[in-house]
Amino acid sequence: MNKISSVIGALAILASGAAASDNWYLGETVSHYVLDNERAIEGDIEGTQAGLQIGKYFAENVAVELGYSTNVGHDDFNVISLTSVIWLGDEAANWRPYAMLGLNQYDFDDTRNLAPGHDNSSNQVLFGVGVGKMIADEVQFRADLRGMGGHDESGEDLGFQLSINHMFGQKSAPAPAAASAPARAPVAMMEEEPEVRTITIRLNVEFEFNKDTVLAVYGDQLEAIAAAMSVHEDIGFALEGHTDSRGSDDYNADLSSRRAAAVKQKLSADYGIAADRISSMGYGESRPIASNETDQGRARNRRVVGEMSFSEVAPD
């Protein structure tokens, strides 16, 4: 009974000390131990234990805990443990594994099944593995399998423990607030999606009758196309050449191809756009956009056209 009182007193002292700081927990435990049968007069010594434990985090993933449990059935013995708990894996995971290493002590004062020649207490090295998860904001559930062994004749033992730990304080201390600014609650702000707009540039170069020379007046259009292609290097450009209806079909097909090729050459030679990014095709007189019965209509049909579209984030 004196030993039990001492352990309870130690737990109380640790609890009062931990309460003065943060990063600590207090837990209830249920465990079952099966001890090496060399200690027993008959069969194994085993027992189900109920107890308390207190722990403190000394690093983000490392805690040290002291536990005491007493028998609630079968062989009567008590267990004291001092254990380090090392958490593994991602802290955000639902179930998180951990490893344990520490010391165990059994008290067999009231065990009638203890074989002669064995001490009433036994000190052992404890090691174990387990998993845990948060089941509420400040409540942690753990389950672990423990193995114990000693350098004397204490044998090799097994234990299984379930724990419910109540967390107090914070796992990491918050950064101190600046002296000149009062603390303010963080305000959640939604990041606005940037506005994306589609830009379309059209090219329309008209030609004199029976010629394939690109006039200087179309320099602004060509410069706009070249500037967009320089910025958006993944965009190609297709040119279509056309004629009016005067002349044979074969002649007009060749003339329209030469007009499209002339615009392509201008973009490549004068504005530095790679030729393999530009395609050209002649359609002769087959696709008029105006009447070929008037001078004005025929002038509109003598053309090279192209169109390109790309997306850009709109400026604020």
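The values are calculated or read from the model by the stated rules, or taken from the named source; none is laboratory data. Small disclaimer: the values here were computed from a predicted structure and weren't measured. For neighbour counting, all protein chains shown are included, and Cβ atoms are generated from backbone atoms with ideal geometry for every residue, glycine included.
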Could you list, in sequence order, all residues of the range 132-186 that are of a type in the set (S, T, N, Q) and at pLDDT 80 or above?
GLN140, GLN161, SER163, ASN165
Those residues that are within 25 Å of ALA290 (Cα to Cα) and in a loop (DSSP other than H, G, I, E, B), I need them from the range 230-249; list them, please.
HIS242, THR243, ASP244, SER245, ARG246, GLY247, SER248
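Looking for whichever is modelled with pLDDT under 85, among the acidic types (Asp, Glu) and crowded, with 18+ Cβ neighbours inside 10 Å here; the options are ASP22, ASP90, ASP36. Which one fits?
Answer to the check: ASP36.
Residues checked against (1) part of a helix (DSSP H, G or I); (2) small (Gly, Ala, Ser); (3) in contact with a helix residue (DSSP H, G or I) (Cβ under 9 Å, 6 or more places away or on another chain); (4) modelled with pLDDT of 95 or more:
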| position | (1), (2), (3), (4) |
| --- | --- |
| ARG202 | no, no, yes, no |
| GLN221 | yes, no, no, no |
| ALA228 | yes, yes, no, no |
| ARG258 | yes, no, no, yes |
What's the total number of residues in the range 262-285 that are over 10 Å from ALA226 (Cβ atoms) and without any contact (Cβ under 8 Å) to a residue 12 or more places away in the chain?
5
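Yes or no, residue by residue, for (1) in contact with a strand residue (DSSP E or B) (Cβ under 7 Å, 6 or more places away or on another chain); (2) closer than 16 Å to ILE201 by Cα; (3) buried (at least 18 other Cβ atoms within 10 Å of the Cβ); (4) outside the structural domain of THR213 (by TED's automatic domain parsing):
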{"residue": "HIS232", "(1), (2), (3), (4)": "yes, yes, no, no"}
{"residue": "ILE235", "(1), (2), (3), (4)": "yes, yes, no, no"}
{"residue": "GLU240", "(1), (2), (3), (4)": "yes, yes, yes, no"}
{"residue": "ALA260", "(1), (2), (3), (4)": "yes, no, yes, no"}
{"residue": "GLN265", "(1), (2), (3), (4)": "no, no, no, no"}
{"residue": "TYR271", "(1), (2), (3), (4)": "no, no, no, no"}
{"residue": "MET281", "(1), (2), (3), (4)": "yes, no, no, no"}
{"residue": "SER286", "(1), (2), (3), (4)": "no, no, no, no"}
{"residue": "ALA290", "(1), (2), (3), (4)": "no, no, no, no"}
Out of the residues in the range 292-316 that are of a type outside the set (A, V, I, L, M) and surrounded by fewer than 13 Cβ atoms within 10 Å (Cβ to Cβ), state the one that is modelled with the lowest pLDDT.
ASP316
Within the bounds of the range 242-254, is there any residue that is in contact with a strand residue (DSSP E or B) (Cβ under 6 Å, 6 or more places away or on another chain), small (Gly, Ala, Ser), touching a residue at least 60 places away in the same chain (Cβ under 8 Å) and at negative phi?
no
